[in-house]
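Right, one structure below, let's go through it.
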Protein chains: 4
Amino acid sequence: MDDANRLSPRKTPVQRRGRATAEAIVEAAAHILEAEGLAGFNTNAVAARAGASVGSLYQYFPGKEAILAALARREADRFAAALDATLSRVAAAPLDEAITAMAAVAVAHQSSRPRLARLLDGEEQRLGLGDEAQAATRGTADRLARFLAGRPDLDLADPNEAAADLLHLARGLIDGALERSAASDLAGRVTRAALGYLGAASGC
Amino acid sequence: MDDANRLSPRKTPVQRRGRATAEAIVEAAAHILEAEGLAGFNTNAVAARAGASVGSLYQYFPGKEAILAALARREADRFAAALDATLSRVAAAPLDEAITAMAAVAVAHQSSRPRLARLLDGEEQRLGLGDEAQAATRGTADRLARFLAGRPDLDLADPNEAAADLLHLARGLIDGALERSAASDLAGRVTRAALGYLGAASGC
Amino acid sequence: MDDANRLSPRKTPVQRRGRATAEAIVEAAAHILEAEGLAGFNTNAVAARAGASVGSLYQYFPGKEAILAALARREADRFAAALDATLSRVAAAPLDEAITAMAAVAVAHQSSRPRLARLLDGEEQRLGLGDEAQAATRGTADRLARFLAGRPDLDLADPNEAAADLLHLARGLIDGALERSAASDLAGRVTRAALGYLGAASGC
Amino acid sequence: MDDANRLSPRKTPVQRRGRATAEAIVEAAAHILEAEGLAGFNTNAVAARAGASVGSLYQYFPGKEAILAALARREADRFAAALDATLSRVAAAPLDEAITAMAAVAVAHQSSRPRLARLLDGEEQRLGLGDEAQAATRGTADRLARFLAGRPDLDLADPNEAAADLLHLARGLIDGALERSAASDLAGRVTRAALGYLGAASGC
DNA sequence: CATGAATGAGCCTTCATTCAT
DNA sequence: AATGAATGAAGGCTCATTCAT
């Protein structure tokens, strides 16, 4: 349990105050990452920005990386939620329309806090991101895979692989574009690539 | 010149011994990054692995980030070289064939030292990668852009944007796949996405 | 605030323990300077002698120079206090008597920890000694200047200059004498020079 | 002989080139001290500024401190020479005139490279300044002592002590004044103090 | 539970000195 | 003799983590 729980929150705070503190810490981490990058991300700074003491921080998180994991989980959850909403909305729509909608969701997510998103993308792999924390990320891919598998107009050998590929290519393309501030019609560009990948290019 | 040269090598070694040391340091950095990630990447470890002393390391590089920059440059150069070779070979080939060839080059490059490639992709943006060091990366995109612009069967509004997008989506897709050890027909997958992006999907 | 506060204490400790630590560090610095000179003055040694850890040291001082500054300030304050006491005692005394008393104070101060005093005299100028830290030194000169300006038996064009000159000549003379262990009637020698400087030589 | 010669030049270079190099090194040290203080004074910088290699530097000086010692000696010699010239010129003059002339020499010396002079004053005591190197400094005091002893209008108990005291008070006063850029009638101020010290104040 | 002072391993970097060429 | 690359001890400083209050 020592190493396994390295990334899990130390305790699920039941009391209101506790939860609020934990959330403040995670949000403080997000702020700092967005504003100063990994270099400025240290437990003292996070605690200070969260209006808590280091001691409290360690009450809720077993260590620095666990905060990152919680933050990654939070972001993944948010993305998953946004994707879910869209997926159910476009379940019956034509494929290109559905993909366009999802691309827009992805672009919106990565755009809202671009630096944060990019950093988390990078860290997600570095930390093994213990199974539990990775669940959220996995969840997104699973949902997308199910969507793809359910489309009668697609005949994918491995929907899980496709889902993961699409997520990664979209992330790569979007992060790169945001870095270069080349955001015009970004969703459209992602859509073209995705449809092409799925063997259903729009231009046909 | 103080902050500007933060990433440039400190002195270009003239003597054979010096050049060998500088190269050994860069290669040692690559080894360590591949084997232990950024966590194990510190000047003492790099120097030790290179069979040199810290003092020597600082003779050739103004700091640890400069080593990273040199390594990134080296890898970018290698990729650019491989791409160049392929580009000239497939200049006249049908588009899908040309793209397939380039995808294969990209997959090969990222696969040879997957962890290293991924780490460098992440760091490349973190360091501003001073103009000079970024030249190599830029170079790759420029070459690809020229290739795309020259294709009569493509009519791209902005070849530079397209080139950058293709590079980034390919990196995203490939890195993600390698992380999951899902490498089967990787080049094919990349090709489909690329052709789709270019509005020339293979399946038409 | 970054460079400006290079010499100011980092945090004013509120708790008793904290203040004690900060003071122990300053006193440790004094001990080391007296015993081993600037060569032995390093953060590890100071912290060790203070019975604290480097970490604590850096909690209270932003760097080693700040410790020097704090020490210089402490010594200047002590000297100023001693001078103050004497000044009020001899305010109405004949000039030569007053100067003799002050010379005795200066000799006593520099003699109590001669090496320390000499080192601080040397360092005081090297560090710019930020305005705040310099205040104490300035204070001494100001007090003396006021005293000189108030003497009816003196007619000085620039009492501030005279005060600074007297302080410096006394320091030079005393430090030099202590170095040579030539301390007999030191206060008398200083007094003669001072009275001469003031144009009121005793021998007239 | 190991520790004893720590401060002596390693070899008295007989060949012209050797002497030139040694002198260049000493002058480079002076330049650096004047321009950047002790912080910038390191063997690599000195060698570079002297147009020599570190290796050559170590050919002529056993270590870093020896360069300082040589420089101190050079400056002391120059001062002694200037003082000698003046002493012989004013041997028969009235005391206040003679002292005034010497004060002017001291002011001129300390003013020509004020930072250098102050630094050397500080270092002179720190290094033990091996007997030989100290000889020059001693020499100045001896000359002055002889002059004082020879004056029929003075009756000093200990001319050596008086000479040393005068030199030190003058240095303290002058260095302090130059630091504050308060140089007007500096020689006059020194003279008043000196005459007062000698019990022969000008104002009588 | 909260606080924040204390700890100290760890890492970066400099520079005096040596020595192979 | 000269050169300058190499060495590595030494020291400055940070920050994750612990623990007394």
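The values are calculated or read from the model by the stated rules, or taken from the named source; none is laboratory data. Nothing here was measured: the structure is a model prediction, and the numbers come from that model. Don't worry about glycine lacking a Cβ; one is built from the backbone with ideal geometry, like all the others, and counts go over all protein chains shown.
So which residues in segment A:149-173 are more than 7 Å from chain B (Cβ to nearest Cβ) and among the hydrophobic types (A, V, I, L, M, F, W, C), if there are any at all?
A:ALA149, A:LEU154, A:LEU156, A:ALA157, A:ALA162, A:ALA163, A:LEU166, A:LEU167, A:ALA170
Where the second residue is outside any helix (DSSP H, G or I) and more than 7 Å from DNA strand E (Cβ to nearest atom) and the first is of a type outside the set (A, V, I, L, M, F, W, C) and lies in segment C:43-61, which pairs have Cβ atoms under 7 Å and are six or more apart or on separate chains?
C:GLN59/C:ARG10; C:TYR60/C:PRO9; C:TYR60/C:ARG10
Restricting to segment B:23-42, what's the tally of residues that are in contact (Cβ under 8 Å) with a residue 40 or more places away in the chain, more than 14 Å from every other protein chain (Cβ to nearest Cβ) and within 14 Å of DNA strand F (Cβ to nearest atom)?
Counting residues in segment B:23-42 that are in contact (Cβ under 8 Å) with a residue 40 or more places away in the chain, more than 14 Å from every other protein chain (Cβ to nearest Cβ) and within 14 Å of DNA strand F (Cβ to nearest atom) gives 2.
Among the residues of segment A:43-58, count how many are away from chain C (no Cβ under 14 Å), of a type in the set (A, V, I, L, M) and near DNA strand E (Cβ under 6 Å from one of its atoms).
Total meeting the criteria: 1.
Considering B:ALA182, B:ALA135, which residue is within 7 Å of chain A (Cβ to nearest Cβ) and within 24 Å of B:ARG113 (Cα to Cα)?
Residue meeting the stated conditions: B:ALA182.
Quick one: D:GLY176 ticks every box in (1) facing chain C (nearest Cβ under 7 Å); (2) surrounded by fewer than 20 Cβ atoms within 10 Å (Cβ to Cβ) bar one, so which box is it?
All conditions pass for D:GLY176, except number (2).
Scan segment B:96-110 residue by residue and report those that are buried (at least 18 other Cβ atoms within 10 Å of the Cβ) and over 24 Å from B:ALA182 (Cβ atoms).
The one that is buried (at least 18 other Cβ atoms within 10 Å of the Cβ) and over 24 Å from B:ALA182 (Cβ atoms): B:ALA98.
Are any residues in segment B:29-42 within 18 Å of the chain's Cα centre (by Cα) and more than 13 Å from DNA strand E (Cβ to nearest atom), and if so, which ones?
B:ALA30, B:HIS31, B:GLU34
Which one is farthest from C:GLY122 (Cα to Cα) among residues in segment C:43-53 that are surrounded by fewer than 14 Cβ atoms within 10 Å (Cβ to Cβ) and within 11 Å of DNA strand F (Cβ to nearest atom)?
So the residue we want is C:SER53.
Assuming D:LEU95 fulfils every condition listed in (1) touching a residue at least 12 places away in the same chain (Cβ under 8 Å); (2) within 14 Å of chain C (Cβ to nearest Cβ); (3) within 20 Å of C:LEU169 (Cα to Cα) apart from one, which condition is it?
(3)
State yes or no: is A:ARG146 under 13 Å from the mean Cα position of the chain (by Cα) and either outside any loop (DSSP other than H, G, I, E, B) or more than 9 Å from every other protein chain (Cβ to nearest Cβ) (or both)?
So A:ARG146 does not fit the description; no.
With the structure loaded, tell me whether D:GLY63 is surrounded by fewer than 17 Cβ atoms within 10 Å (Cβ to Cβ), farther than 24 Å from C:LEU127 by Cβ and within 12 Å of DNA strand E (Cβ to nearest atom) or whether it fails that test.
yes
Report yes if some residue within segment C:111-134 is in contact with a Phe, Trp or Tyr (Cβ under 8 Å, 6 or more places away or on another chain) and either surrounded by fewer than 20 Cβ atoms within 10 Å (Cβ to Cβ) or part of a helix (DSSP H, G or I) (or both); otherwise report no.
The answer is no; no qualifying residue exists.
Quick one: which helices (runs of 4 or more DSSP H) lie wholly within segment A:29-94 and hold at least 3 residues that are over 29 Å from A:ALA164 (Cβ atoms)?
Counting at least 3 such residues, we get A:43-49, A:54-60.
Just checking, does segment C:182-202 include any residue being in a helix (DSSP H, G or I), basic (Lys, Arg) and modelled with pLDDT under 95?
No, the conditions are met nowhere in segment C:182-202.
Right, B:ASP77: away from DNA strand E (no atom under 16 Å from the Cβ), within 14 Å of chain A (Cβ to nearest Cβ), modelled with pLDDT under 95 and surrounded by fewer than 20 Cβ atoms within 10 Å (Cβ to Cβ) or not?
no
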